[in-house]
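Undergrad: Below is a structure I'd like to ask you about.
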Amino acid sequence: YYRRDRYAKAIEHYERARKILASAGDDTMRAVVDTNLSHALMETDRHGEALRLLEGAAGAMEGSGQSLWAAQTRFHIGYLQFLRGNYNAALTSHYHAREELTRLGSLELVAWCNHEIAEILLALNAFDDAAESAAQARASFTELGQPYESAQATVVHALARMGLQDFEEARRDFLEARQVFERTSNKTLAALIDSYLAELALRDKDHVEAARRATASLRVFASQKLSTRAAYARLLAGRAAYEGGDLKV
């Protein structure tokens, strides 16, 4: 459910699992569930609840000697700081976590750290560094045989290339990632990429392609009641119509 962006359903199941594990006295496994639950809560903008869960999970994991899980949870806390606009604190948390995860030999979690570092750098308009970090994450996920995660890193890399005005490479990245999301039936991420492709089409003055991509993304966002994304898709569709001379739309 979480991978398909059905966050309410994911939260429902995670909360059921928490109750079962609480009654069984399995604090370590409950901490793992709390970490996963926090991700779903982040996606629904319930950041305060997510932070409390993560801090509790990190403490439980450290107390039980689960150093690897604790380090992973710490960089999730850093990502939540990023969502709250605390970029410097977020980067510091991620760099420390990456050092610890490298020491512990977790290639997958180091890749996730690089992926999230790239997102933070992207928000800071540090496009060169963001592209480099995203490329490292993508290469690691590919080596580990994780195409979905590699596609997520590819999207961040594409956005960094857009920031560097390398629009052709950005387009190739977006199309590559979209194929993966389409195969895994993730309509939301496929639609998000359509909105990015609409932006690129507007830059190329390809109003027909821009309108097609914007309309496709709007259809998905509206059906899923993602109002902010739907509004932006409408704006892209309106720009495509205006620049194409269709003032009625």
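Undergrad: Report, in debye and to the nearest 20, how large the dipole of region 202-242 comes out about its Cα centre when Lys and Arg carry +1 and Asp and Glu carry -1 on their Cβ. Could the numbers behind the result be given before it?
TA: Values: 9 positive and 3 negative charges, 29 e Å.
Magnitude of the dipole: close to 140 debye.
Undergrad: To test your reading of the geometry: what angle, between 0 and 90 degrees and rounded to tens, separates the Cα axis of helix 47-63 from the longest principal axis of the chain?
TA: So the inclination is approximately 40 degrees.
Undergrad: Using only the alpha-carbon atoms of region 33-157, report the extent along each of the three principal axes, biggest first, to the nearest angstrom.
TA: 36, 30, 24
Undergrad: Just to confirm a number: summing +1 for Lys and Arg and -1 for Asp and Glu over residues other than residue 221 whose beta-carbon lies under 13 angstrom from that of residue 221, what do you get?
TA: Its environment carries a net charge of +4.
Undergrad: Something else about it: Going by Cα centres, region 167-194 and region 1-69 are how many Å apart?
TA: 29 Å
Undergrad: So what's the back-of-envelope 222 nm ellipticity for the chain, counting only DSSP H runs of four-plus at -39500 (n - 2.57) apiece and dividing by all residues, rounded to 500?
TA: -28000 deg cm²/dmol
Undergrad: Related question: Let me know the Kirkwood hydrodynamic radius for region 116-177, please, with Cα pairs as the basis and the value in Å to one decimal.
TA: Radius from the Kirkwood sum: 11.0 Å.
Undergrad: Ok, one more. When the accessible area of region 1-116 is computed with all protein chains present and a 1.4 Å probe, what percentage of it is carbon and sulfur?
TA: Summing carbon and sulfur atoms, their accessible area is 47 percent of the total for region 1-116.
Undergrad: Distance in nm between label sites at residue 242 and residue 123, each 7 Å beyond Cα in the beta-carbon direction?
TA: Simple spin-label model gives 2.9 nm for this pair.
Undergrad: What's the angle, to the nearest 10 degrees (0 to 90), between helix 147-163's Cα axis and the longest principal axis of the chain?
TA: The two axes meet at around 50 degrees.
Undergrad: I need the shape label for region 1-104. Rule: rounded when a/c is under 1.5, else prolate if a/b > b/c, else oblate, with a, b, c from the alpha carbon gyration tensor.
TA: Oblate, since a/c reaches 1.5 and b/c is not below a/b.
Undergrad: Under a Cβ-Cβ cut-off of 12 Å, what is the net charge of the residues other than residue 70 that fall near it, where Lys and Arg count +1 and Asp and Glu count -1?
TA: Neighbour charge sum, excluding residue 70 itself: -2.
Undergrad: Round to the nearest 0.05 the FRET efficiency obtained for residue 96 and residue 222 when R0 = 45 Å and r is the Cβ-Cβ distance.
TA: The formula returns an efficiency of 0.60 here.
Undergrad: Hey, what's the chain come to in accessible area per residue, 1.4 Å probe, Å²?
TA: Each residue of the chain exposes 52 Å² on average to a 1.4 Å probe.
Undergrad: Taking the 0 to 90 degree range and rounding to the nearest ten, how far is the long axis of helix 127-143 tilted relative to the main principal axis of the chain, both from C-alpha atoms?
TA: 70 degrees
Undergrad: Given the options 232, 144, 159, identify the residue whose Cα lies farthest towards the positive end of the charge dipole of region 135-249 (+1 on Cβ of Lys, Arg; -1 on Cβ of Asp, Glu).
TA: It is 232, whose Cα lies furthest towards the positive end.
Undergrad: Between residue 142 and residue 167, what FRET efficiency comes out of the Förster formula 1/(1 + (r/R0)^6) with R0 = 25 Å and r the beta carbon distance, rounded to 0.05?
TA: 0.60
Undergrad: Please give the contour-minus-distance gain from residue 215 to residue 88: 0.36 nm per residue of separation, less the Cα-Cα distance, rounded to one decimal in nm. Show your work: numbers first, answer last.
TA: Working: separation 127, 0.36 × 127 = 45.72 nm, distance 3.72 nm.
Extra length available between residue 215 and residue 88 comes to 42.0 nm.
Undergrad: May I ask you to give the average projected area over all directions of the convex hull of the Cα atoms of region 138-249, in nm² rounded to one decimal?
TA: 7.0 nm²
Undergrad: Quick one: Debye curve from the C-alpha atoms of the chain, no solvent, what's log10 I(q)/I(0) at q = 0.12, 0.14, 0.15, 0.16 Å⁻¹?
TA: Per q value, in the given order, log10 I(q)/I(0) is -0.76, -1.00, -1.13, -1.25.
The values are calculated or read from the model by the stated rules, or taken from the named source; none is laboratory data. Note that the structure is predicted; figures quoted are calculated from it, not measured. Methodologically, a virtual Cβ is constructed for each residue, glycine included, from the backbone with ideal geometry; neighbour enumeration extends over all protein chains shown. Note: accessible area is taken over every heavy atom of the protein model, side chains too, but ligands, DNA and RNA are not part of it. Shrake-Rupley method; radii C 1.70, N 1.55, O 1.52, S 1.80 Å.
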